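Have a look at the structure below, then the notes.
Just so it is clear, none of the values below were taken in a lab; they were calculated from the coordinates. Predicted, not measured: the structure shown is a model, and the values here were computed from it. All Cβ positions, glycine included, derive from the backbone under ideal geometry; neighbour counts span all protein chains shown.
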Amino acid sequence: MLILLFPLLPIISALCLIILERFDEDSGDYLSSATAFVLFAMAVTIIFTLNGGVVVYHLGGWGSPLGVDLVLDGFSALFLVVINLVGFVSMLYSIEYMKKFTAKAKFYILHLFLIAGLNGIVLSGDIFNFYVFMEIVAFASYALIAFGVEQLDLEASIRYQVLGTVGSFFVLLGIGILYSVTGTLDLADMSRFISQTGINRAILFAVPLLLFGFALKAALVPFHAWLPDAHPTAPTPVSAMLSGVVIKVCSIYGIVRIFFGVTGVSPTLLQILLYAGLISIFFGAFSALRQTDFKRLLAYSSISQIGYIMLGIGTGTPLGYAGAMFHILNHATFKSLFFIVAGAVEHSTGERNITKLGGLSDKMPVTFLSSLSASFSLGGVPPFGGFFSKLLIILGLFKAGYLTVGLLVVLSAVFTLAYFLKIQRNVFLRLPTSHFPLPTIKEVPVLMRVSMLILAIICLGLGLAFPWILKAIVEPAVAVLTNGCKYGSLILGL
Amino acid sequence: MSILIYLFSILLFLIGLYCIVSKENLLKIVIGIKIMGYGVSLFFILLGWRRDSSAPIIIKDMAQNFVDPLPQALIPAIMVISLAATILMLATCVRLYEKYGTFDISKIKELKG
Amino acid sequence: MFAILLVSILIFVLIMAALAVQIRDLMSSVMALAGVGFGLAIVFLFLSAPEVMTAQLVLEVITYVIMISVVYKTSKLDKTRKYSVREISPAAAMFFFAVVFIIFSIRGIKDLPIFGEPLMRASSLQIAQTISEIGATNIVTAILLDFRAWNTLMEAFVIIVMIVGVTVILRKKGRKVER
Amino acid sequence: MDKTIRILTSYVIGLILIFGFYVVIYGHILPGEGFDGGMLIASAFILCMIVYGRDEAKKRVNISSALVVSAIAGLLLIVVGFLGLIGIRDGHQFFLDNFLPQGDPHYLFSGGIVPVLNVLLGVLVGFGFYALFGYLVVWRGERGTDAEP
C-alpha cells in the first residue's frame, strides 16, 4: 500500500496548496518541503525493506491484463531514491531562492506535480500510464522553465515544448503499435506475450519510434538543441531537478523498462546506444570547455554525463550496467549540487559570467566547500562516488571488448576534470579581475547552505560507502536489466 | 486495403511534422502539433475497428459483438494531452508576441544555439 | 460502399490538413484545421466510436475558440518570408525523412493485425466483465472510470497542471526585480 | 455584442447546460464521458463570458475561485479512491475499488462508483476550463491577468 502514496501524496498536498493559496498568498513553504521530506524518508525505507523483492499493487482489484498495476522492483527503487532526494533538496533550497519571484505558491504547486509525475513514471506497470505520467512531468517542466516570465525564459520554454511534444507523439505512435500487436497495455502481459510469439516487423518499426522519442527527451546529441537553452534560464531549483533527474527518468527508465523488459534488446540497439553515448560525451565536453556562462557550462556537462550512462547501458555487460546505474545516482547528486552552487553564486553576486567572477572562496566558504566536493566527484577523484561509477563503466567496456572506446572514455574523463577545474579557478580561487565589489558579498542564507551541505555529504558518502551501496541499491537494479525478458513471467507470478 | 487505411493516419502525422519543421510562424507550429495529435488519435481508432460489429454500448437485446473498446478509452486521454500542449504553447506564443511583436521565429532567435 | 465513403472522407481530411499548413492567412488556416477536426469526427462515427466523436467535437470547439481569440488578438497574417532559405533545406530533409518513414511503416504495418480483425486479448475480458462486475452498459466509460480509473485520475491532474501552468505563464510580472 | 446575439444566447445557454448535465449524469449508460460533459458545461459559461463580457460572467462565477473548485473536485476524486481502500465492500481493500452497489444495468442508479467519478470529473474539467478561459482569452495586452483579483 506504501507505493500508492508516492504519486498520490505530492498530488494531495499540491491540491491543498491550490486551495490554501487562495487565502494567504505566500503559504506552502513548509507544507511542500514537509511532503518532500516524508517522500524521501519513504524512499529510503523502501530501499531497506525491499532488498531484491518485487512488489505489485493491482489498482481497483482487477488482475493484470484488465486493470492498471503499480510495479516496484530494484530498478525503480533506485530511481525513487534519486527523485525524492533531489526533490527534497531542491524544495528546501527554493524556500529562500524563490523570494525573487512572484507567485511563489504556484511554484510549489508545479514542483509538487513534477515530483508526483516522476514518482508515477517510475512505478507504473502500464505502458499508457507511463506516457500519461511523462506528460504530467513535461507540462510541469514547461511551465516551470517559463516561470520568470521574460524573453529568454519564454523562448527556452517554447523550444522545449515543441521538441518535447514531438517526442511524446513519436512515443505514442510506438505505444499504439505495441498495443495493436500484443493486445494488452500491461507491460508484464506484453513482455510475456512477446517472449512467447517472438518479434515481428511491427515491433521492429515501433522500437525506433520509441527510441526517437526517448533520445529526444534525453537530449542525446542529434536532439540536444533544447537543453543548453532550457536549463540555464530556468530557476535554479528547477534546473537542478531537470538536469539531475527529469532527463534521466523520462528517457533511461523508459529505455530500460520497454526495451530490456518488453521487446528484448538486440545487439544493434546496444551498439546505437553505445555510440550515441560516446558522441554526446565528447560533444558535451568540448562545448562545455568553450562556455563562459556558469549554468550553460553545467547544461553542456549534463549532455556529456548522460552520454556516460547511455554508454554504460550500451556495453551489454553486467559491469557496464552496474556502472551506469551507479552513475545515475552520482550524476543526480553532483549535478544538482553544482546547479545549486551556481544559483548560490548568482544569488549573492548577481553575476553568472565566469570570467567576471573571482575570489569567492573566503567570502562564501560553504558554497566553495560543496562545489569542491561536487567537482571532485564529477572529475573522478578516488574517495568520491564519481570515480567508482566511471571505473565500472570503463571495466564494463573492456570486458565487452570495446578497447578503443574504453581508451576514449578515459581520455574524456580528463576533459571533464579540465572544465571543472576551470570553474574552480575562475569562480572561487583566483583574485577578482574586473570591477567586482568583493567586500560586499556575503554568504547565502541558512537554508540554502543546509541543502548544499546535505548534497555535499551525500556526494562523499556515495564514494565511501560504495560496497554497501553496490550491494543494497545497484545489485537489484542490475538484476532487472540482466534478466530482461523474464520481467513478464516474474511480475505475473505475483 | 488495410495498409492504405493505416497510411492515411501516418500521412496526417507526417503533414503535422512537416508543418513543424519547415514553417517559421509560431502559430503554424501550433497548428502542426494539433495535426500530429489528430494523426495519432486516428491511428488508435483504426487499430480498434472490427468488421461488421456495433459500437461498444450494451443495448438490452442487441447482438453482442463489439468494436475494440480499449483504444476508444485511450483517445480522450490523447486528445486532452494534445489539447493541453496546444493551449500551453498558445499561452507562451501570446506572451512572446507581446515581447517581440511578431510570431516570426527568425526574429525571435535571441538565444544562440 | 462503406470503404468508399471512409476513404473519401479521409482524403478530404488530408486535403484540409495540407491547406491548413500552406495557407498564409492565419484565420483561414485555423478554419482549415477546424475542417480537419470535423472531418475526423465523421470518420470516428464511421468507425463506430460515438464516445470518441463527442469528445472530439467538444474538445475541438474549445480549442478553436481559444485559437481564434489568440489569432484575433495578435497578428492575423503570416508575414514570414514566402520561400525562405530556412524553408527549403528542412523541406528537403523532411521529404527524405518522410520517404524513409513511409517505407519502414509499410513494412511494419504488414505485420499488424489486418484492419478488420483487432487482437482483442484484454478488451474481450473487459467486455465480458462490464455487466457482471460493474453493471454499467457503456463499456468505454466502464473502462475509463473503473478498469483504468487510475489513468483517468491522472488525466484530470494533467488538466489541473496545464491550467496552473497557463496562469503562471500569463501573469504580468515574473521577477520582483527585472533581470 | 449587439442586441440580437444577447437575446439568442440567453435562450441557448439553458439548452447547452441541460445537454451538458445530461452527458455527465448519463455517462455510464449512453455515450458521454466526464471530459465531454464538463467541457459542455464550461462552454455554456464561456459563451456567457464572450457575449455578456467578463464582469457579467464574473458576477456569476468568479474566475480564480473556479480553479479552487476544480482542486476540491480533484481532492474528492482521491477521497472516493481511498474509500475503496478502507474496504467498505467486504474483502476488497484496493484503491479505487468499486464499492457501491451495482443496481440494474440499464437504469440510472447502476455501475457502482462509475457515475460518481463521472460527475466529479465533469465538475473538475468544467470549472477548470472556465478558469482557463477566464485567464487566457480575455487577457488584455500589457496589463496581463493580474488586474482582476
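Given the DSSP H assignment, sum -39500 (n - 2.57) over each helix run of at least 4 residues in chain A and divide by its residue total; what's the result at 222 nm in deg cm²/dmol, nearest 500?
Working: 20 runs with 349 residues, N = 494.
Using -39500 (n - 2.57) per qualifying helix, the result is -24000 deg cm²/dmol.
With unit charges on the beta carbons (Lys and Arg positive, Asp and Glu negative) and the dipole taken about the Cα centre of chain A, which residue among A:PRO267, A:LEU407, A:LEU110 sits farthest to the positive side? The Cα lying farthest towards the positive end belongs to A:LEU407.
Going by average Cβ density within 10 Å per residue, which order do the peptides A:129-137, A:236-244, A:378-386 take, highest to lowest?
Numbers: A:129-137: 25.9, A:236-244: 28.4, A:378-386: 21.2.
Highest-to-lowest ranking by the protection proxy: A:236-244, A:129-137, A:378-386.
With a 10 Å Cβ neighbour count serving as the proxy for reagent exposure, in which order, fewest first, do C:MET162, A:MET1, C:MET67 appear?
So the ranking, lowest neighbour count to highest, is A:MET1, C:MET67, C:MET162.
Of interest is the spacing of the C-alpha centroids, which for the range D:89-124 and the range A:112-137 amounts to 25 Å. Listed by Cβ neighbour count within 10 Å, with the fewest neighbours leading, C:ASP25, A:ASP362 appear as A:ASP362, C:ASP25. Centroid-to-centroid, using Cα positions, the range A:273-350 and the range B:68-106 are 31 Å apart.
Think of each Lys and Arg Cβ as +1 and each Asp and Glu Cβ as -1; about the Cα centre, that makes the dipole of the protein assembly as shown roughly 2720 debye.
Normalised by the number of residues in chain A, the average gap of Cα pairs under 8 Å and 6 or more apart makes the relative contact order 18 percent. Considering helices alone, the calculated mean residue ellipticity of chain C at 222 nm is -24000 deg cm²/dmol, with DSSP H runs of length four and up weighted by -39500 (n - 2.57) and normalised per residue.
Need one number for the protein assembly as shown: average projected area of the convex hull over its C-alpha atoms, nm². Don't jump to the answer; show the numbers that get you there.
Numbers: hull surface 143.4 nm².
Result: 35.8 nm².
Placing unit charges on the Cβ atoms of the charged side chains and taking the dipole of the protein assembly as shown about its Cα centre, the candidate lying farthest along the positive direction among A:GLN196, A:THR355, D:TYR22 is A:THR355. Once you order the gyration tensor axes a ≥ b ≥ c over the Cα atoms, which shape class does the range D:3-146 get: rounded for a/c under 1.5, otherwise prolate or oblate by comparing a/b with b/c? Oblate shape, in that a/c is at least 1.5 and b/c is the bigger or equal ratio. Mean partner shielding of peptide A:323-329, defined as the number of other chain Cβ atoms within 10 Å of each residue Cβ, is 0.
Helix C:26-46 versus the longest principal axis of chain C: what is the Cα-based angle in degrees, 0 to 90, to the nearest 10? Roughly 10 degrees, rounded to the nearest 10.
Counts of other chain beta carbons within 10 angstrom of each beta carbon in peptide A:65-77 average 3. Near D:LEU121: Cβ cut-off under 15 Å, other residues only, Lys/Arg at +1 and Asp/Glu at -1. The net charge is -4.
Mind checking the dipole of the range D:3-146: about its Cα centre, +1 per Lys or Arg Cβ, -1 per Asp or Glu Cβ, Debye to the nearest 20? All intermediate terms of the calculation are to be shown ahead of the outcome.
Working: 9 positive and 9 negative charges, 142 e Å.
It works out to roughly 680 debye.
The HN-Hα couplings worked out from phi for the range A:337-344 by the Karplus form 6.51 cos²θ - 1.76 cosθ + 1.60 (θ = phi - 60°) are 4, 5, 5, 5, 4, 4, x, 5 Hz, whole numbers, x standing for Gly and Pro. Computed from backbone phi with θ = phi - 60° and the Karplus coefficients 6.51, -1.76 and 1.60, the 3J(HN,Hα) list for the range A:260-273 is 6, x, 9, 8, x, 9, 9, x, 5, 4, 4, 4, 4, 4 Hz; x is used for glycine and proline. With a ≥ b ≥ c the root eigenvalues of the C-alpha gyration tensor of the range C:1-67, is it rounded (a/c under 1.5), prolate (a/b larger than b/c) or oblate? Because a/c hits 1.5 or more and a/b fails to exceed b/c, the range C:1-67 counts as oblate. Backbone geometry of the range A:148-156 corresponds, through the Karplus equation with coefficients 6.51, -1.76 and 1.60 at θ = phi - 60°, to 3J(HN,Hα) couplings of x, 6, 10, 4, 5, 5, 5, 5, 4 Hz, x marking Gly and Pro.
If I take all pairs of Cα atoms in the range A:267-420, what percentage of them are more than 19 Å from each other? So the portion of pairs separated by more than 19 Å is 51 percent.
For A:ASP126, the residues whose amide H sits under 5 Å from its own are A:ASP69, A:LEU187, ignoring neighbours fewer than 5 places away on the same chain, with H placed 1.01 Å from N.
Hey, what did the range A:279-427 get for relative contact order, percent, Cα under 8 Å, at least 6 apart? About 30 percent, as a whole number.
Each of A:ILE18, A:ILE313 has some number of other Cβ atoms within 10 Å of its Cβ, and from fewest to most they run A:ILE18, A:ILE313.
Count the DSSP beta bridges whose two residues both fall in the protein assembly as shown, then state the antiparallel fraction as a percent rounded to the nearest 5.
Working: 11 of 12 bridges.
Among the beta bridges of the protein assembly as shown, antiparallel pairing accounts for roughly 90 percent.
For the segment D:76-87, counting C-beta atoms of other chains within 10 Å of every residue's C-beta and taking the mean gives 3.
Across the range B:1-92, C-alpha contacts under 8 Å between residues 6 or more apart give a mean separation that, scaled by the residue count, equals a relative contact order of 27 percent.
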